[in-house]
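Below is one structure; the comments refer to it alone.
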Amino acid sequence: MGANSSNPDSRDPSTSGLSGKNAPGFARQLANVLDLPFVLVGAVVIGAGAGYFLDRRLHTAPWLALLLGAAGFAGGIYEVLRRLTGRRQRDGQ
């Protein structure tokens, strides 16, 4: 049997997605994807936490916590979609 191109052991390592020049790109993409849940949850927690603090100070419970939590959720969804579509602001523009 000669070199069979369908044999996975005979593949060129440079064509693999995890070796060579592609490894840093894969790691960067993986890091970006793993960051998304924290962006979404963090925005909600910060918004709801600020609302809870203001509710205690202004005696308006639970309205500001709900309102700012919803605003945090909307901001988190916006940021996740912005990161997924690749729309990033350029410096100075």
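FYI, it's all coordinate maths here, none of it is from the lab. A quick note: this is a predicted structure, and the numbers were derived from the prediction, not measured. Positions of Cβ are generated from backbone atoms using ideal geometry, with glycine treated the same way; all protein chains shown enter the neighbour counts.
A few notes on this one:
- Rg to Rh, two decimals, where the range 43-84 supplies the alpha carbon set and Rh follows Kirkwood: 1.12
- When peptides 32-44, 61-73 are ranked by their average number of other Cβ atoms within 10 Å per residue, the highest-first order is 61-73, 32-44.
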